[in-house]
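Note sheet for the following structure.
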Amino acid sequence: MFAMVRRGGKPPRRDPPSHPPPTTTFQRHDGDVTLHVQAATQRLLHTVDRLPDSAWSGPSHCTGWSRAHVIAHLALNAEALAGVLRGFRDGVPTTMYRSDEARDQDIDDLVAVAGTSPAAVRERLRTAVAAFADVVAVADGLPKEATFERTPGGRVVPGRAVPFLRLREVEIHHADLDAGYTASDWPPDNAMSFLSNDARQYRGPGFHAVATDEPARWTFGETDATSPTVSGPLGALAWWATGRDPGSVLSSTNGTLPTMEGR
């Protein structure tokens, strides 16, 4: 479930998270986030449309998942979040998924479809992101106290967080496809918002993170004069903060990168 960050080499595949991070504190929704979701979605569709059918069964950066698994998850996640927003709009509380088991089975079922017809899954993804776009504005009008359950009786998530949740899903899993798009391609605003969110949720030994290509820094956890500083390119920092391997481009003042939880 959790990925150990290593120095050097190709990022290992990792288990895709089946739930949000332990602490549910997300950036609130605003119009800029929606615009970022739209742009990120178009980049994702561009990659998926150009991915050869033969490449769908290849490995992704998610342990045990092929690229088809990642694409299936992205389609089903869009459907799930659209369902949540329709529930708010219609006054009918709606969970993202019926259960974790049902979520996983739905992904496997769609991967089976991709095995014979990647085109059908491409269309499913396009339909899903269009459905999400149709209702994303609902998040604008939600009160701060509006929440939904990920699964019945499960984790409670702020309703206004939905656009940001979707932005993370699209950008991170797009890079997980290992199909030419990487965290270094994330717009700086997105990478910085991911780092800010991950810094708020971090509960390990304190450290500082400093981008070498942007005037930005973050504090993770409780720090003191002995806390290390991790530095490197913004995209690599943001990728590493999700629990993924940044390769050899990050450095730490104490010689060791802190271990980050997989997200």
Checklist entry - Taking the stretch 33-71, which residues are under 15 Å from ARG122 (Cβ atoms) and of a type in the set (Val, Ile, Thr)? => result THR41, THR47, VAL48, VAL70, ILE71
Checklist outcome for this item: Per the filter on the stretch 243-259, residues out of contact with any helix residue (DSSP H, G or I) (no Cβ under 6 Å at 6 or more places or on another chain) and at negative phi are ARG244, ASP245, SER248, SER251, SER252, THR253, ASN254, THR256, LEU257, PRO258, THR259
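Identify, please: which residue in the stretch 79-93 is outside any helix (DSSP H, G or I) and of a type outside the set (A, V, I, L, M) and is, among those, nearest to ASP106 (Cα to Cα)?
PRO93
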Item to check | Residue under evaluation GLU261, criteria (1) in the same structural domain as HIS61 (by TED's automatic domain parsing); (2) in a loop (DSSP other than H, G, I, E, B), criterion not met | outcome: (1)
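Within the stretch 19-38, is there a residue that is touching a His at 6+ places or on another chain (Cβ under 8 Å), modelled with pLDDT of 95 or more and assigned by TED's automatic domain parsing to the domain that holds VAL135?
No, because not a single residue in the stretch 19-38 is touching a His at 6+ places or on another chain (Cβ under 8 Å), modelled with pLDDT of 95 or more and assigned by TED's automatic domain parsing to the domain that holds VAL135.
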Checklist entry - Does at least one position in the stretch 137-144 carry a residue that is buried (at least 21 other Cβ atoms within 10 Å of the Cβ) and within 20 Å of ASP178 (Cα to Cα)? => result no
Checklist entry - For the stretch 62-92, which residues satisfy the criterion of being at pLDDT below 95 and either within 23 Å of VAL156 (Cβ to Cβ) or over 16 Å from the mean Cα position of the chain (by Cα) (or both)? => result GLY64
Next on the checklist: Is it the case, given these coordinates, that ASP90 is touching a residue at least 40 places away in the same chain (Cβ under 8 Å) and either surrounded by fewer than 14 Cβ atoms within 10 Å (Cβ to Cβ) or touching a strand residue (DSSP E or B) at 6+ places or on another chain (Cβ under 6 Å) (or both)?
Outcome noted: no
Item to check | Test: residue in the stretch 117-129 that is under 29 Å from MET192 (Cα atoms), surrounded by fewer than 20 Cβ atoms within 10 Å (Cβ to Cβ) and acidic (Asp, Glu) | outcome: no
Next on the checklist: Please determine whether any residue of the stretch 124-146 is among the aliphatic types (A, V, I, L, M), in contact with a strand residue (DSSP E or B) (Cβ under 9 Å, 6 or more places away or on another chain) and farther than 15 Å from ARG166 by Cα.
Outcome noted: yes
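The values are calculated or read from the model by the stated rules, or taken from the named source; none is laboratory data. Everything quoted here is computed from the prediction, not taken from an experiment. Positions of Cβ are generated from backbone atoms using ideal geometry, with glycine treated the same way; all protein chains shown enter the neighbour counts.
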